[in-house]
Amino acid sequence: MNYSYYPGCTLKTKAQNLEKFALHSAQALGVNLVEQEEWQCCGAVYPLSTDEIATKLASVRSLAAARDKGESLVTLCAACHQLMKRVNHDMQTKEDMREKVNNYLQLDDNYQGESKVIHYLELLRDEIGFETLAQKVKVPLKGRKVAAYYGCLLLRPKEIMNFDDPERPTVLEDFLESLGASAIHYPYKTECCGGYLSVDKEEVVEQMVDNIIRSALEQGAEEIVTACPLCKYNLENSRLCSKGEISISYFTELLAEALDVKEA
Amino acid sequence: MVSREKITPDMAKKEVVRICEISDENIVDCMQCGKCTAGCPAVHGMDILPHQVIRLLQLGQIDQLLQSEAIWSCAACFTCASRCPRAVDISKIMEALRLTLVRVKGNNRLDIEKVPKLLDKNIPQQAIVSGFRKYVK
Amino acid sequence: MQRVGVFICWCGTNISSTVNIDEVVAAVKNMPGVVYSKDYQYMCSEVGQNLVKDAIKEHNLTRVVVAACSPRMHESTFRKAAKAAGLNPYLLEIANIREHCSWVHKDKKAATQKAISLTKAAVAKAILNQPLIPGEVGVEQRALVIGGGIAGIQTALDIADAGYEVDLVEKTPSIGGKMAQLDKTFPTLDCSACILTPKMVDASMHDKINIYSYSEVEEVNGFVGNFEVVIKQKARSIDMEKCTGCGICLAKCPAKTALSEFEEGLSKRAAIYTPFPQAVPNVPVIDRETCTKFRTGKCGVCAKVCPTGAIDYEQKDERLNQKYGAIIVTTGYDLINLDSFGEYQYADHPDVITGLEFERLVNAAGPTAGKLVRPSDKKKPKKVVFIQCVGSRDKSERGKSYCSKICCMYTAKHAMLLRDKYPDCEAYVFYIDVRTAGKGFEEFQRRAVENYGVNYIKGMVGKIFPTGDKLKVNGVDALSGEVLEIDADMVVLASATQAKPGASDVGRMLSISTDRDNFFTEAHPKLRPVETHCAGIYLAGACQGPKDIPETVAQASAAAAKAIGILSKSKLVNNPCVSQVDESVCSGCLACTKMCPYEAITEKMVEQKVHGKIRRRRVAEVNAALCQGCGGCTVTCRPGAIDLKGFSNKQILAEVDAICQ
Amino acid sequence: MSVIANNAAVKNAQAFEPLIVAFCCNWCSYAGADLAGTSRLNYPANIKIIRVPCSCRVNANFVLRAFQRGADGVIIAGCHPGDCHYMTGNYYTRRRFSLLKNLLAYVGIEEARFKVDWISASEGNKFADVMNGVLEKVHKLGPNRKLRDSRWRR
């Protein structure tokens, strides 16, 4: 099955592991992620104001390109996913914006939000299914105590992201269990890591990530997985992580490991 | 020496109306339950608490807000928005407040010259791009 | 030529402040047929009504138009006045220039023009009105009460005490409803069971009351005075005649796996069960989903131990047809599901409970025999946090926009009960507002603060983080702007009330409307609080909106009084605005008979002279007693033979023409 | 953009005052209109309401007559599907007027001039919204000339 794949800029530089392992495992699962041509940076944060259009155009180009190919648009980075999904929602629901964007882009076919945006995790859960995935695991991650860290961008706002219950999500835990690992439940799994505040307000971020990691450690976690490069960066920068008390990795790395395609 | 000045509430202030337009949120819906503040993960960096931000807007006291650290401590994590019983998205209001400042020429939050010094070798692009989007116009 | 009199009401300043009355009077004078016009401050007052009556006599008026408030408000008032003056009441028309004009418009010029236009339309219609005489129907002198909570019990008792037969239908195995689950009641702290169970017994002993427990109303047809109802008695698997309620079967049943509904899931019950020891009727029910006999065919212990042989595994659902003169709906309320409020951990942590679960936990007959302990480890709590407005006053999609009304009071009650039992246990209440409108309510809540030392905090809880054996409650004190963290042992959530999930189905079955929150709609929010728009169907209790016990009981008695008002009559007049068939035009296609929801139209044979010959011909005939006057048949009728009295084609077209002038 | 659109509508309003006839069923929509009144909501005076017992009482003739006599828009409002006071009346309304909509399109009456909607007795807000919505669209369309009887002057 073919999917249009939108990588985003961080995956080509600082978060290469997120992408590499995803592509390896996709191949092993018989999923063809075809990187879009000439994709542009999505802008990393969804512009929350109603009067900004220009910053959403790059996303619309990718969405329209996927529509033209008749494929779902698959994302890996949580930030890109949030942008694609929310801009798509705007294009579906905001007549005013739809008109302006289409007037500006002059696409062959006006874009009305027809594309379906799915995160790689959703692809695993809804299209492949965790049961099928479990059957394809070659090296079960037995005994690994992994805490899933969701962050904000995949879950909220719920009405638009439609990813999982924003307060008690289970998709990452279900994913980990299907790989044979023991998923650790801890109450901070949906609390924000501070995101881009690390550019400007490191002291605020410090306390936020500290809470998260302490909570995971208290529940006996030995490692944390996440889907967002910025979450990973903030968590790794924390005091506890620097001391080596816990390690952070992308969920795709564990997937590749379990499918035994890490070195492919 | 304590100094406390009396303020005159002004709900219809043009700056407040502008904030509501940019954010497309209805500040009168808020009934000050404080759920946003209670759940805010960045609350320790807020000099004015999220529910107080809305209250000050309701009173038309926008200057205090524009001088606050609170609007810059918001990480746009949408926790407040997703739990608000009144369906007010404060993250959008925070964004509108930030934009009111950075849209004025020469008012960038981030001095672009200083950016390279801020960066360590691991910081992902995403953070820098986000920073530019949030702090610079 | 008709002689029309037009009366224009000022409604104090309600109409006159936006509508220029003088201009309307002047315009009315020139309308064709109008021979008299008069304006007055309050036309509905006695003086105003006398103006109408006198003018009818003095000026020989044959039609009357009153331009005033909505006809839903005072049409009947003015019709009575017209009748008193010797005019057929159906020759009077109302122009609604208040609700549809002065109250919704601000521009005086435009509102005045609209008032004139609406009055013109009413005059045009009134000229075509015909005198109508309502028919009479008999009344079945028996009432049906749907729902056996405190509202239903009180209504049934009041109607039965007035001497009429009442059938009380309850869905669950016992009457008693939510009130039976409560421990104490505010603001007097008297024990709920002590005041409820005597009433339950009264109802079961009353020779005029018939209780159909474990039963549901399945179908309702007919109309006021003559409702035809099908009641489904679900198979109880017990012969109610033989059972003595000894309870041996409950003790011996080996399948004790189901969660007790009555105990809010805090304890288990057997597959054969009575919901609680004081149940009325005190006859158990077999839950066929969990019963081993029904699931595997093996077991049958209950049948073996029953001393009277009352167990009947073969019992089937039974249907009962009954006629009623009036129906009272008392189906009550539910609490919302808290699964979507993940931040409170209700679904994930046993020590986060709802207010109703708290009632069971402190109740002497409850799962802990009244010992208030944490469900997780059965330890005594040292700090309890109460959170109000969980889902109430919540505009988002997971909550309810209304105030649930009872939570402020029961939370104060819970906190007091807690402090009373364990004076060393701290109690914190998070609130948005404390609402204590009610006799003795404010005093009660202040007592919680002043005498019982309950800590009230204006603010909300963001999230609860279960940490170790504590629940770390992150909240805010909105007044001081301090962010709080409380290490609680237990959290009690005042979850929002909601209409019963099946309320809209019940509403549909009864043809009564529900509001956007699925509560049944009363006919008028102030002046007709227990009536519905469907004559003969009344409402009481929380099915109409959240309310506490005193209000529910008051409403129940009010509904009973309304029902008795119907039952005490031997005849009722019906709506004369019914369809009629012009037999000379009717083609006998009978399309109308298929459309009529009341089966009020039937065929009949008539003899007609066609081209000099007598021919028998099939035509449609309307049964005026059954016709409810919707008028749907008039549009179905291809030759245009059916018309609706009071809303005839000509009348409506005259209105259209008048408005479009 | 919506702000600009509103301004245009305001300007238009001064030139053209449309007439809209609304048929409201007695049990839901008429009561909803009453509720709009008791709640002091605002909608323009161009809307004139005719009370009918049920939306199924409305004959297509009534609608056509209104257009013929110069109405610029017609609204039929009844109880929500499933909530009809007469059990099934509004289902007939729904079917009958989806047919009429086709006819109106055929004779060249713009779609926005005719609307069938469901407004319950508790939806005063919706009543005002629906009225305002139709009026705004009719404003943009300008006067109805297609079916208007030339002898009829307003």
Can you send over the solvent-accessible area of residue C:533, 1.4 Å probe, protein chains only, in Å² to the nearest 10?
40 Å²
Quote the FRET efficiency, to the nearest 0.05, computed for residue D:102 versus residue B:1 with a Förster distance R0 of 56 Å and r equal to the Cβ-Cβ distance.
0.10
Where in region A:36-74 does accessible area fall by at least 50 Å² between the isolated chain and the complete protein assembly, at a 1.4 Å probe radius?
A:45, A:48, A:50, A:51, A:52
Applying a 10 Å radius around every beta-carbon, put C:209-216, A:133-140, C:378-385, C:172-179 in order of their mean neighbour count, most first.
C:172-179, C:209-216, C:378-385, A:133-140
If R0 is 51 Å, what FRET efficiency do you get for residue C:594 and residue D:42 from their C-beta distance, rounded to 0.05?
0.75
Carbon/sulfur accessible area of region A:2-120, % of total, 1.4 Å probe, equals 42 percent
Arrange the peptides A:96-102, D:65-71 so that the one whose residues have, on average, the most other Cβ atoms within 10 Å appears first.
D:65-71, A:96-102
With springs only between Cα atoms under 10 Å apart, run a GNM on chain D and tell me which of D:119, D:50, D:76 wobbles the most.
D:50
Could you tell me what percent of the accessible area of region A:130-259 is made up of carbon and sulfur, with a 1.4 Å probe and every protein chain present?
44 percent
What is the dipole size for the protein assembly as shown, taken about its Cα centre, with +1 at each Lys and Arg Cβ and -1 at each Asp and Glu Cβ, in debye to the nearest 20?
3640 debye
Normalising by the residue count of region C:335-498, find the relative contact order in percent from Cα pairs under 8 Å and 6+ residues apart.
29 percent
Two-site label geometry, residue A:1 and residue C:616: point separation in nm, points 7 Å out along Cα→Cβ
7.0 nm
Of B:24, B:111, B:89, which is the most mobile in a GNM of chain B whose springs link Cα atoms less than 10 angstrom apart?
B:111
Once the Cβ-Cβ distance between residue C:661 and residue C:294 is put in as r, and R0 is 60 Å, what FRET efficiency do you end up with, to the nearest 0.05?
0.25
How large is ³J(HN,Hα), in whole Hz, for each residue of region A:103-119 in order, when computed from phi with the Karplus curve 6.51 cos²θ - 1.76 cosθ + 1.60 and θ = phi - 60°, using x for Gly and Pro?
4, 6, 6, 6, 5, 4, 10, 4, 9, 10, x, 6, 5, 10, 9, 10, 7
If contacts are Cα pairs under 8 angstrom and at least 6 residues apart, what is the relative contact order of chain C in percent?
13 percent
Rank these by accessible area, largest first, 1.4 Å probe: A:226, C:331.
C:331, A:226
At 1.4 Å probe radius, can you tell me the per residue accessible area of region C:59-118 in Å²?
34 Å²
Over all residues in D:64-77, what is the mean tally of Cβ atoms on other chains that come within 10 Å of each residue's Cβ?
2
Scan around residue C:538 for amide H atoms under 5 Å from its own, H built in the peptide plane at 1.01 Å from N, and keep only partners 5 or more places away or cross-chain.
C:327, C:328, C:329
Rounded to the nearest 100 Å², the accessible area buried between B and C, both sides, probe 1.4 Å, is 1500 Å²
Quick one: what are the phi-derived ³J(HN,Hα) couplings along region B:25-40, Karplus 6.51/-1.76/1.60 with θ = phi - 60°, whole Hz, x for glycine and proline?
10, 9, 6, 6, 5, 5, 10, 6, 7, x, 4, 4, 5, 4, x, 5
Among the DSSP H helices of chain C, those whose Cα atoms extend at least 18 Å along the helix axis and whose mean Kyte-Doolittle hydropathy is 0.5 or higher are C:192-205, C:549-567
Which shape class, rounded, prolate or oblate, goes with chain D when its Cα gyration tensor gives a ≥ b ≥ c as root eigenvalues, a/c under 1.5 marks rounded, and past that a/b bigger than b/c marks prolate?
oblate
Within region A:145-224: Cβ-based charge dipole about Cα centre, in debye rounded to nearest 20 (Lys, Arg +1; Asp, Glu -1):
120 debye
Per residue of B:112-123, count partner chain C-beta atoms within 10 Å of its C-beta, then hand back the mean as an integer.
2
What nm value, rounded to one decimal, do you get for the distance between residue C:571 and residue C:2 when each label is placed 7 Å out toward the C-beta?
2.8 nm
Using modelled amide H (1.01 Å from N, peptide plane; none on Pro or chain starts), what sits under 5 Å from the amide H of residue C:184, excluding residues fewer than 5 places away?
C:192
Find the accessible area per residue for region C:579-645; the probe is 1.4 Å, ligands and nucleic acids are left out, and the unit is Å².
54 Å²
Contact surface C-D: accessible area buried, both sides summed, square angstrom, 1.4 angstrom probe
4300 Å²
Label zone at residue A:139, where the point sits 7 Å out along the Cα-to-Cβ direction: region A:222-264 residues whose backbone N lies under 12 Å:
A:254-264
Taking Lys and Arg as +1 and Asp and Glu as -1, residues besides residue B:133 with C-beta under 12 Å from its C-beta add up to +3
With Cα atoms, 0 to 90° folded angle of helix B:125-135 axis to chain B main axis
40 degrees
Go through C:611, C:414, A:89, D:139 and list them by solvent-accessible area, largest first, probe radius 1.4 Å.
C:611, A:89, D:139, C:414
Of all accessible surface on chain C at a 1.4 Å probe, what whole percent is carbon and sulfur?
49 percent
In degrees, nearest 10, range 0 to 90: what is the angle between the Cα axis of helix A:78-93 and the longest Cα principal axis of chain A?
30 degrees
For the interface of chains A and B, what total accessible area is buried with a 1.4 Å probe, rounded to the nearest 100 Å²?
3800 Å²
Sequence-distant or interchain residues sharing an amide H contact under 5 Å with residue D:144, placed H: which?
none
Shielding of C:106-119 by partners, i.e. mean partner chain Cβ atoms within 10 Å per residue?
2
Helix-derived mean residue ellipticity, 222 nm - over the protein assembly as shown, DSSP H n ≥ 4, -39500 (n - 2.57), to 500
-10500 deg cm²/dmol
Here the percent of antiparallel bridges among DSSP beta bridges lying wholly in chain C, to the nearest 5, is 55 percent
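The values are calculated or read from the model by the stated rules, or taken from the named source; none is laboratory data. Treat the numbers as computed from the prediction; the structure is a model and nothing was measured. Backbone-built Cβ (ideal geometry, glycine too); neighbour counts: all protein chains shown. Protein only, heavy atoms only, side chains kept; ligands, DNA and RNA dropped before computing areas. Shrake-Rupley method; radii C 1.70, N 1.55, O 1.52, S 1.80 Å.
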